[in-house]
Amino acid sequence: MKEQKCVFSDNLVSYIYDEMENKDAFEAHLTECQICSEELEMFKTLRVSLSALREQVDSEFEPISIPVIEKPAFWKKLLEAITLSNPLVKIAFASALIIIFSLTFYLLTLQRTSDLGLASNVKVDEKIEPQRSFPFAESKEHEVFTKENKTAEVKPIKTERQTRKKLKPSARQRQQLNLDFAESEEVEEGIRLVDLFEKVGEV
Amino acid sequence: MTANLTDEQLIRKSLDGDNEAFGEIVKRWERKIFALCYGMLGCKEEALDVTQETFMLAYRSLQSFRGEAKISSWLHRIALNQCLTKMRSKKNSAEEINIESEPSLSTAASKKAVSPPELVETKERAELVRKAVRSLPLELRQVVIMKEFEDMTFQQIAETLNLPVSTVKSRLYLALKQLKMKLEEKISAV
């Protein structure tokens with residue numbers, strides 16, 4: 001036997017749970033529809049029974065305790081990953097660490113040497129020299145007008161060091177000079193003082 | 001401090017590693033999630049376990065929470081899945097009664113002027129209702145629990161279960177009718 005159902009039966013739940021927008025219209029329907037009014041009473045009774053279970057659920061509730069879950073720090077995660085990994089990974093990690101430490105040590109040593117001015121004298125000189133040798137480097141006094149009426153920059157004056165370097169003869173040049181010095185007659189005369197005194201004595 | 005924040009703000013804080021913020025989320029929703037689990041599983045201890053598992057799982061998968069759904073819907077879905085897993089593992093689903101195969105109770109029985117609250121004491125009545133709820137099919141049971149035990153609106157239930165509101169209403173209607181019949185059966189058997 002098929003159970004009787006009103007076309008508005010589904011709206012009944014909205015009415016019971018107070019989620020109906022047009023209540024008046026449905027209440028008017030309830031006065032006319034016996035099926036809906038009987039179902040409404042039935043559901044009201046049922047909800048009283050359900051409230052008993054609801055009370056039981058509320059009374060049996062206990063606040064749960066969630067263990068404090070702290071997110072592990074990066075280094076902890078890394079350490080854990082390494083300790084749990086296979087020996088090859090451990091070796092690779094150890095090698096990487098050694099390389100990193102060696103590089104860091106090397107770079108630090110290099111830095112310290114440069115701070116003491118032992119390794120990069122040239123840089124220091126270059127920084128200081130232009131000011132000493134060309135005090136107007138920043139000014140435009142070194143600019144001259146060429147024939148083409150164009151501004152041309154005067155080549156910076158060679159630094160003292162560069163000049164000294166250029167004047168200073170190379171080893172080969174020095175050798176050559178010594179040879180010339182030894183072979184030169186003038187020099188030979190100049191050196192031989194005895195001959196000179198002899199000449200003076202004669203005078 | 002965290003009590004004034006919205007669920008979304010709390011989630012953002014939790015993602016930044018603020019455990020207190022997640023604690024506030026637990027405090028806000030644990031009662032409702034417990035009610036859902038209790039209604040689905042029918043056992044206090046199991047319900048407490050699943051509630052705890054739900055929040056643990058939620059915490060672990062916070063990163064995957066995209067914020068498209070509300071936190072309540074998300075938690076309910078996790079809890080429902082956990083309940084289903086638990087039920088499957090215990091093969092509790094065998095207790096379910098298939099609506100289609102269930103012989104429809106006579107209209108005469110439903111018309112019997114039986115008033116459950118008058119017949120049994122509160123605890124016994126609650127036990128009877130619990131058994132009746134447990135015997136409902138899953139899709140009807142979850143709707144009844146969400147509506148009756150959690151005071152969720154039809155819209156919220158629809159969002160949580162990814163169903164149209166009309167389906168939620170018709171399921172609830174069907175669930176209430178089935179529940180009434182089952183209760184009358186049980187009461188008449190007492």
(request) Provide, for q = 0.10 Å⁻¹, the log10 of I(q)/I(0) from a solvent-free Debye sum over equal Cα point scatterers in region B:2-93. (result) -0.25
(message) Could you tell me the center-to-center distance, by alpha carbons, between region B:144-161 and region B:1-68 in angstrom?
(response) 17 Å
(request) Could you pull out every residue, at least 5 positions away or on a different chain, whose amide H is within less than 5 Å of the one on residue B:65? Hs are placed 1.01 Å off N in the peptide plane, and Pro or chain starts have none. (result) none
(request) Output ³J(HN,Hα) for region B:58-69: one whole-Hz value per residue in order, computed from phi by the Karplus curve 6.51 cos²θ - 1.76 cosθ + 1.60 with θ = phi - 60°, and x for Gly and Pro. (result) 4, 5, 5, 9, 4, 4, 7, 6, 8, x, 6, 9
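Taken together, the values in this text are just the output of simple stated rules run on the coordinates, not laboratory data. Since this is a predicted model, take the numbers as computed values, not measurements.
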